[in-house]
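Trainee: Could you have a look at this structure, given as structure tokens, before my questions?
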Amino acid sequence: MATARVLPVAEPTILFVGAPSQVTPAAESARETRAAIDIAAVTAEALATADLVVVDIDLADAGSRERLRTALARMKRPPLLVFAVDRGAHFHLQQTQANALGASAVIRRPLNRDGIDEALAELGVHRLPEARRERRSGPRPELKSIAAAHHLIGASFTALSTGGRLDMEEAAAASRDLLAGVGQSGLHAWLDTVRAHHAGTFQHCLLVTGAVVAYVNHADVSPEARTELALSALLHDIGKAEIPNAILDKPSALTPAEFAIVQRHPRIGADYLRQHTGLSASIIEPVLHHHEFLDGSGYPDRLKGAEISPATRIMTVCDIYGALVEARAYKSANTPAEALYVLIGMAQKGKVDFAVVRRLAAALGVALPGGSIA
């Protein structure tokens, strides 16, 4: 891996340049919270804000190469450039294309944080130590649990996309941190922090996890069941790891073909967890069936009524709640009360368990019509 120059700054600014066809939740995990820009919007001014740029674009696309080349040509001192390239037959061609654009280094896809950190370390760039991040953020109780959850979700996406194994000790620790963190800070503060610092699939996974943890903390659930449900929630969307964000975050209705791709994610996630972890069926089952509805209209197995376990009923309601209270480019966030009224309507239509909706409302402290929410 060639290096053109080493960055002299202790904490360089890093920018990711990507393309919708290349961005997946696994790639999002790799870049963590670093700034990102679409190749279609790249300019010399945008590149000038960074000391180092990680380029994850389709190098076979002449238009993308030309946009980047034009922006770089307008700069007196371009930043260091690290390019993501494919493994296998296209590696050498893409490496040549990257070098022609001024690459200082290349990283093989699929991107993961360790690979990026290794490439950046060779260029003299190191991640900000975790302790210093925490000092910047302050001692708020929800931050540790959010950081642990975010890291585990990212690690699970990376593990699935690379076929690697997931650290189950880390997973169990993240579940314990979640149960403590949401309990100490309260769900609303926890969710507000998630919305302020995370977006897209990561935000959704964290919002759903927070709702599940608040539910089990409020309900009469055994400690073992609480830990299992928290872990199921953390991993419930692991199958989305390699589905393009262009589909996951599409602002308009999905085509039938796109929806068919999205519908694969529960089985992809469950199959990975069965093959690469020692997790019990009680943890994996909600991952597989969190999109099933009581009336049999869900997916992937069109389960109905009693075929859907209590744990999965909780996951389904919390998954829908998380989707409703998150803001996307194509919709604003619902309030907790608005989201619960949508869920009540779904319960009245026989799609979700009303008892679970009532218990979630109680955990949120939102009064439902008709009296007590306890």
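The values are calculated or read from the model by the stated rules, or taken from the named source; none is laboratory data. It should be emphasised that the depicted structure is a prediction, and the values quoted were computed from it without experimental measurement. So basically every Cβ, Gly included, is an ideal-geometry build from the backbone, and we count neighbours across all protein chains shown.
Trainee: Here is a check on your reading of the model: is ARG109 among the basic types (Lys, Arg), closer than 20 Å to ALA35 by Cα, at pLDDT 65 or above and crowded, with 19+ Cβ neighbours inside 10 Å?
Mentor: Taking the combined requirement at face value, the residue satisfies it.
Trainee: Moving on to the next point. Out of the helices (runs of 4 or more DSSP H) lying entirely within region 273-374, which hold 2 or more residues that are among the hydrophobic types (A, V, I, L, M, F, W, C) and within 30 Å of SER161 (Cβ to Cβ)?
Mentor: In region 273-374, the matching helices (runs of 4 or more DSSP H) lie at 281-289, 310-325.
Trainee: Name the residue, out of LEU288, LEU364, that is out of contact with any strand residue (DSSP E or B) (no Cβ under 8 Å at 6 or more places or on another chain) and at pLDDT below 95.
Mentor: Within the list LEU288, LEU364, the selection yields LEU364.
Trainee: Any idea which of LEU128, LEU81 is at pLDDT 85 or above and either touching a Cys at 6+ places or on another chain (Cβ under 8 Å) or of a type in the set (A, V, I, L, M) (or both)?
Mentor: LEU81
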